[in-house]
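Heads up, the thing below is written out as structure tokens.
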Amino acid sequence: MAKEIQPIIEKLVQSFPGQVEAGETAGQVMVAASALLPVMEKAKGELGFNMLADLTAVDYPENFEMVYHLMAIPDATMLKVKVKLDKGSPRVASLVGLWPAADVQERETYDLMGIFFEGHPNLKRILCPEDFQGHPLRKDYILKTRS
Amino acid sequence: MEKAMEREVFRADSPRTETITMNMGPQHPSTHGVYRAVLTMDGEEITHIENHVGYLHRGIEKLAETRTFTQFMPYTDRLDYLGAMLNNLGYAQTMEKLMGVEVPERAEYIRIIMAELQRIASHLIFVASYAIDLSSTTGWMYCMRDRERILDLFDMVCGSRLTTNYMRIGGVAEDVPPGFLPELQRLINDLPACFDEYDGLISGNEILQKRSIGVAPMSAETAIAYGVTGPNLRASGVAFDLRKAAPYGIYDRFDFEIPTCANGDTYDRYYIRILEMRQSVRILQQAVDSFPEGPVMAKVPKVIRPPKGDVYHQIEGTKGILGFYVVSDGTSKPYRLHIHSPSFVNLGVFPEIARGGNIQDAVATLASIDIVLGEVDR
Amino acid sequence: MENLFVNLEASLNRFLTATLPGSLPNLAMALASVVVILLFVLTNVVWLVYMERKVAAYMQDRLGPNRVGPRGLLQTVADVLKLLGKEDIVPVAADKWVFKIAAVTVLIPTIMLFAVIPFGNNLISIDLNIGVFYFVAISSTATISFLMAGWASNNKYSLLGGMRVVAQMIAYEIPLVFSLLGVVMLAGSLKMSDIVAAQKDVWFIVLQPVAFLIYFIAGTAELNRGPFDLPEAEQELIAGPFTEYSGFRYAMFFLAEYGNMVAISALAVTLFLGGPSGPWLPSWMWFVIKVYVMIFLFMWLKWTLPRIRLDHMMQFNWKFLLPLSLANILLTGIAIKLF
Amino acid sequence: MYGQGLVKGLSITLKHFFGRAVTEQYPEQKPVLSPRFHGMLALDAVRCNACGTCANWCPNGVIQIESVRDANKKRVLTGYALDMQYCLFCGLCVESCPQNALSWTQDFELACYHREDTLHKLYQAEVSQVEAASGSE
């Protein structure tokens, strides 16, 4: 069923020295923000990850972190790609060119987390109303508790 | 000035026709909830569709950060409110993967039975809403009548018909009552006859076939590129089902096929769900035959504090692959909880495949993709 | 029992001639027949709304209305009172006069259709010698009021609904007329009573089964019912031309739809099912029974089949129904020649 | 043949036309609910020692408990209210109660006209009892 993930990570690490390292847990790769697009093109092209399973962001105290899950149809091998973004102005390349699936998910991440995706065709809010102030999923957005 | 002048020049060859923009939703009989599509139409033919979602956005992911892990379980019922059991299963299995909890045998079997019953109930709603969107109200009624029996089974097991909140991290809330299995067996014996009735009334109907065959075809490449999963992907000919490709729980012990259709048009997306329901009945029969005894809940502390770290787990929901990404920082509340909802991604492909048809096709195509707004907006 | 109504009419006539001077009695008689027709149509519509909901319910394993009145019989009265109570909304940017007139003109052709329908033996208000022609001419004017409603409500859905009404009713007018031609050729005259007389021994449905089928399909399309309810498609156009109508104006459209249904079934009975003739029971009883059998057919079709698509509807009409009806006329002609 | 599917569909609806209806006449026939049905909550005030576990476990903070300490520092329950408009009917409170004081009833007719009516007071000790308990310190 799922292909062995370790050799794939080795191949990625060798082809992008310095920018890609293996993550702590299995099947995970840390990628520098600048090298994201070439890594993803290689993953999609040669390594057969033809579907973007999930795309989300996490607001850690010291930095933002983009988390991409890639999946290979039909043998369902999963690769997790993480990218660290600086806290001030989180920007990352948009993957709409590779997977149109990224379009709505990036708009949602921009809307809720405030991460700017360069090269996205129409980066507008998707869930919150257009005139909504702030990005609700950030830790500094405090919910007004009831009574 | 001259720009306006130039526009006034009457071009004899192409009569100046204007496109009208029309609002379909958020209050519209066939948008399956509060979803708004702005259609740019040239006469009856649609040239461009723009999705507007977010009317049902409750911010479940933000709420999760102020709820403990057990408290979040009832919120998962409200994601795909037609598939509460499957959302519970997805969240429970994600946490068990993160904490390494071993679920007892009987609980695994109960989970399979509940998941497949919920799949049938959700597909019945799909068949009903597809039939009524093509104005066969009788088809809608028959599906709802059969779905009632499944909801009564849920009521017997966990006390509520729709928002079940039945699964817990480490097993299930309560064991099935004694009267459950015989009632389930009667349902399994009756279901195939119901499916034949739908085939006779809805699938075999020439008018419905003429209105769905060849409408809004979706090729396998477009489906994979747009991240479409579940029955819609299988309708385009890709035999990919997580229950077979990456079996979670004890799905590898059951033998069932993954039905696929050839050309991924609206009729295939409709008919594949009936085939899947027939497979679910097979799984249910095998689960009932080898139903073990034993406890239904693993040894799990009252307040759950998973180890630091993150986990991503996917299950095969009714609308597609439902994923939960949980980041925990060791406390009893999740640091971040992201839900990958299949309807949100499947909706992304709707403007792509519905372009070119008229408004009647758009209604049929939207019904065939089967979106639930609770899951789209979270 | 047989000529209960005929004697009634005769006694009314004697009473009027006795009291009114000069030519007033015939005028009064004509008025009386209009009142009778109006009563007939209204009672039928009140009953039909209830019957449609009951038939639909039984087909869907439901019970249908059974709360208002004994077994739900007062349901339609409750509906009408509700509609009367509703606020009378006229959209701001609507074309006010056209909007208001549309609701009125929709009922006129429906009532006029009944002038030539034989309710029983010599129970016909005006036995025109061009009865069928008159019927078809009047029934095609119904399209205008739907279009007026569609245009005047200044709502995109209504506009689309209006366009669809025009496309559909005009298109299905022609096969409807051609299917009647077969019958007229057999009967040799357009007069209703002659047609009924010609069917003494064998009903025309036996001689003209294809014509009956075409008539039935074109009739459903004329009524915007069953698989052809494109104009007021709930799922796509909300309520088509009468989305913006509320209160009593909406009830008028409702009334007209059921009135048309009774009229089209009545014509089918007269032309294909041997009119008001039958053993044992009085003739007008037979007429009512046959009309309700036809109406059940219309309802049965509506509550089973999904809606047809716009271009299929047009294709089906121009490419299949029309040539079929022409072929039918040709065959009837040849058959008459031979026998 | 073209019309074959249509005719089959028509035969099915006709069969159902003469078939039996499945409607349940609600107000006259009460629905048959399972013993585990999540209707309204019920509190056994004697068993409840106002420990507040249920209030902590409730995801939406529906449960409001008032208690007072009596002579030997033991908490006595004086008020137990449920703000049912936020209740999810999830059952976590019933599950978590150590004394099994909370239980489900089969009453599902909870609709009301005013928002204040959604606040159900399951137990309210009279003023005299409150003095008696706190007074005896």
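Quick note: the coordinates plus some simple rules give every number you see, no bench work behind them. The structure presented is a predicted model; accordingly, all values stated were derived computationally and were not measured. For neighbour counting, all protein chains shown are included, and Cβ atoms are generated from backbone atoms with ideal geometry for every residue, glycine included.
Only one residue of A:Ser94, A:His120, A:Thr77 has its Cα farthest out toward the positive end of the dipole of the stretch A:66-135, where Lys and Arg carry +1 and Asp and Glu -1 on Cβ, and that residue is A:Thr77. Using Cβ point charges alone (K and R +1, D and E -1), the dipole size of chain B about the Cα centre works out to roughly 1160 debye.
A cut-off of 5 Å between modelled amide H atoms, ignoring neighbours fewer than 5 places along the same chain, links B:Gly309 with B:Ser328, B:Gly330. When the charge dipole of the protein assembly as shown is built from unit charges on Cβ atoms (+1 for Lys and Arg, -1 for Asp and Glu) and taken about the Cα centre, the candidate among D:Val94, B:His32, C:Phe204 whose Cα reaches farthest toward its positive end is C:Phe204.
When Cβ neighbours within 10 Å are restricted to other protein chains, what is their mean count per residue of peptide D:28-37? Intermediate values should be presented prior to the final figure.
Numbers: counts 0, 0, 0, 2, 2, 4, 13, 4, 9, 6.
The per-residue average across the peptide is 4.
For a 4.7 Å threshold on C-beta separation, the list of partnerless cysteines in the protein assembly as shown reads A:Cys128, B:Cys143, B:Cys158, B:Cys194, B:Cys261, D:Cys48, D:Cys51, D:Cys58, D:Cys87, D:Cys90, D:Cys97, D:Cys112.
When chain D is treated as a GNM, springs tying every alpha-carbon pair under 10 Å, which of D:Cys112, D:Cys93, D:Cys51 comes out with the largest mean-square fluctuation? In this elastic network of chain D, the residue with the biggest mean-square fluctuation among D:Cys112, D:Cys93, D:Cys51 is D:Cys112.
Under the combined filter of DSSP loop state and at most 13 neighbouring Cβ atoms within 10 Å, the stretch D:32-112 retains these GluC sites (Glu not before Pro): D:Glu109. Each residue of the stretch B:342-348 is assigned a 3J(HN,Hα), and the resulting list reads x, 4, 4, 7, 4, 5, x Hz, derived from the Karplus form 6.51 cos²θ - 1.76 cosθ + 1.60 (θ = phi - 60°), x at Gly and Pro. In order along the stretch B:23-40, the Karplus-derived 3J(HN,Hα) couplings, from 6.51 cos²θ - 1.76 cosθ + 1.60 at θ = phi - 60°, round to 9, 10, x, x, 9, 8, x, 10, 9, 6, x, 8, 10, 10, 10, 9, 9, 9 Hz, and Gly and Pro are given as x. Candidate cross-link partners of A:Lys139 among the aspartates and glutamates, defined by an alpha-carbon separation under 18 Å and a same-chain spacing of 8 or more, comprise A:Asp59, A:Glu62, A:Glu65, A:Asp86, A:Glu108, A:Asp111, B:Glu61, B:Glu65, B:Asp310, B:Asp329. Taking amide H positions as modeled 1.01 Å from N, with prolines and chain starts lacking one, no residue 5 or more places away or on another chain lies under 5 Å from C:Ser153.
Suppose R0 equals 56 Å; then what is the FRET efficiency for B:Glu102 and C:Trp318 from their Cβ-Cβ distance, rounded to the nearest 0.05? Write down the numbers at each step before the final one.
Working: r = 69 Å, r/R0 = 1.23.
Taking R0 as 56 Å, the efficiency between B:Glu102 and C:Trp318 is 0.25.
Straight-line cross-link partners of B:Lys302 among the aspartates and glutamates, defined as a Cα under 13 Å from its Cα and at least 8 positions apart when in the same chain: D:Glu95. A cut-off of 5 Å between modelled amide H atoms, ignoring neighbours fewer than 5 places along the same chain, links B:Arg36 with B:His52. Counting charges near B:Gly204 (Lys, Arg +1; Asp, Glu -1) among other residues having Cβ under 14 Å from its Cβ returns a value of -1. Phi angles across the stretch B:121-127 convert, under the Karplus curve 6.51 cos²θ - 1.76 cosθ + 1.60 with θ = phi - 60°, into 3J(HN,Hα) values of 4, 5, 5, 5, 5, 4, 4 Hz, Gly and Pro given as x. Counting lysine pairs in chain C whose alpha carbons fall under 20 angstrom apart, excluding pairs fewer than 8 residues apart on the same chain, gives 11.
Exposed loop positions in chain A were taken to be chymotrypsin sites (Phe, Trp or Tyr not before Pro) whose DSSP state is not H, G, I, E or B and which have at most 16 other beta-carbon atoms within 10 angstrom. Between these positions, the longest stretch is A:1-131.
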